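See structure below.
A short reminder: the numbers here are calculations on the coordinates, not readings from a lab. Fair warning: this is a prediction, and the values are worked out from it, not measured in the lab. For neighbour counting, all protein chains shown are included, and Cβ atoms are generated from backbone atoms with ideal geometry for every residue, glycine included.
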Amino acid sequence: MGATRIVSGLDIGTTKIAVVIADVAPNGDVAIIGIGERPSYGLKGGNLVDLEATVAGIQAAVEQAEQMAGVSVRGVYASIAGDHIRSTNSRGVIAISGREREVSAEDVERVVEAARTVALPSNRDILHVIPQEFIVDDQTGIRDPVGMSGVRLESEVHIITASSTAVRNVAKAITRAGYRVDGLVAEPMASAWAVLEEDERRLGVILLDIGAGTTDVVVYFDNSVHHTAVITMGGAQITNDIAIGLRTPLEAAEQIKTAQGCAMAALVGRNESLEIPGVGGRTARAVSRHVLAAIIEPRVEEILTLARSEVDRLPGTDILAAGIVVTGGTAALRGVAEMAEHVFEMPVRVGVPLGVGAMGDLAVDPRYATSVGLVRYGAGQRHGRGASSRARDSGWREWVKAHMPFLG
């Protein structure tokens, strides 16, 4: 039996930087052995605004995870988020090569490459090219066309792009912290790989990753991604509303939200109360938890309504049988699932990382969805899952060679 390999996932968020270190077995199974988390002071709305603060946060979080795991980290798979993330669907067409007219793995890579050849502004880079389906002649809905006979091969793909400047800055922060960039992954895709069951992806599901600075939306159907989007609103806006509404410092507002908050006022009794610290040394005072919930509820409803508006623009979302999965730090807020059911009129569950080994109980928390997903992505890349894995990553690899060859 072969030796295990170390894979690390680095989630650079608006309020926290989280690192997960995992052992990956030869068969691809993931076992978490270390977790590190530090406050993030260098990002705003998912975008890097302070390089040195981000570098220091990355170093501190990785060192904490290394101490728990008892290993040293050299390279990381890192997330990239923000309102600069864009997506589109594209189609590629090729003639099937060879005298036998039988689809080969090389044909699959060629047709995916044809699909990813879309006109993009010079300031955008492709992060992912995700095959949705293949079409051999007139036969649609094919997941793996290798070995099939035909003349014409088509592919439908989902392409996720990011700002070149944002990509460059995140990569620079990681390398200045002393680590190699093994890959950059769009945050919504990382979270999806961590928390969604295969049955959900096949039946159709909407993933909402409600972070501090942004809310990511991913729509799966027939086991493939059909839409991704980023809403520039998240848990940080809820915290700010509490700070203003209750006239309390932001740090206290965040603690109050986490410990006492609720996304639906109807779920909170009017006689429950809590103590609110004052601003600038003013005397603390008692406030009803119902009042706190009444401050939180409108903002959560607004975030979810914006997400529904994004989803409603797509055809066929009424047949997403698996409903909604809510993850991210804000998903741990009481009442979020109930509010999502109210807004979307679909069944909702809170998504936590799945299949993460014996120490996984440390990471069974919506806050770690992205970092665990990064590890699972890295494990899949190292084990060459799928004939089109090279095509999916070609955008990032080509960008590295062209712009940052020192990353290797």
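Normalise the Cα radius of gyration of segment 13-64 by 2.2 N^0.38 Å (N = residues in it) and let me know the number. It would help to have the intermediate numbers written out before the result.
On the way: Rg = 13.3 Å, N = 52, 2.2 N^0.38 = 9.9 Å.
Ratio of Cα Rg to 2.2 N^0.38 Å: 1.35.
Computed over the Cα atoms of segment 198-351, what is the convex hull's projected area averaged over all directions, in nm²? Let's see the in-between values first.
Details: hull surface 34.6 nm².
Mean projected area of the Cα convex hull: 8.7 nm².
Taking every pair of distinct Cα atoms and averaging 1/r, then inverting, what Kirkwood hydrodynamic radius in Å comes out for segment 74-224?
By the Kirkwood definition, the hydrodynamic radius is 17.1 Å.
Pull out the extension gain between Asp222 and Thr175, defined as 0.36 nm times the separation in residues minus the alpha carbon to alpha carbon distance; nm, one decimal.
Full-extension gain reported as 13.1 nm.
If the only charges are +1 at each Lys and Arg Cβ and -1 at each Asp and Glu Cβ, what is the size of the charge dipole of the chain around the Cα centre, to the nearest 20 debye?
1080
Apply 1/(1 + (r/R0)^6) to the Cβ-Cβ distance of Gln59 and Val93, taking R0 = 51 Å, and write down the FRET efficiency to the nearest 0.05.
The formula returns an efficiency of 0.60 here.
Note the direction-averaged projected area, equal to a quarter of the hull surface, for the Cα convex hull of segment 1-105, in nm².
The number I arrive at for segment 1-105 is 10.9 nm².
Provide, as a two-decimal number, the C-alpha radius of gyration of segment 86-163 over 2.2 N^0.38 Å, N being how many residues it has.
1.14
For the chain, compute the number of Lys pairs whose alpha carbons are separated by less than 19 Å, excluding pairs fewer than 8 positions apart on the same chain.
So the count of such lysine pairs works out to 5.
What order do you get for 140-149, 63-72 when each peptide is scored by the mean count of other beta carbon atoms within 10 Å, highest first?
In descending order of packing, they fall as 63-72, 140-149.
Report the equivalent ellipsoid semi-axes for segment 264-353 in whole Å, largest first, defined as the square roots of five times the eigenvalues of the gyration tensor built from alpha carbon atoms.
Semi-axis lengths for segment 264-353 are 32, 13, 12 Å.
So what's the convex hull volume per residue for the Cα atoms of the chain, in Å³?
Convex hull volume per residue, Cα atoms: 148 Å³.
Could you tell me how many degrees, from 0 to 90 and to the nearest 10, lie between the Cα long axis of helix 289-312 and the main elongation axis, the longest principal axis, of the Cα atoms of the chain?
Between the helix axis and the principal axis of the chain, the angle is about 20 degrees.
Beyond 17 Å, how much of the Cα-Cα pair distribution for segment 194-248 remains, as a whole percent?
49
Take each of the peptides 249-258, 35-44, average the number of other beta-carbon atoms within 10 Å over its residues, and list them starting from the highest.
Ranked from most to least packed, the peptides come out as 35-44, 249-258.
What angle do you read, to the nearest 10 degrees and between 0 and 90, between the alpha-carbon axis of helix 389-403 and the longest principal axis of the chain?
Tilt of helix 389-403: around 80 degrees.
What ranking, highest mean first, results for peptides 362-374, 291-303, 76-88 when packing means the other Cβ atoms within 10 Å averaged over each residue?
362-374, 76-88, 291-303
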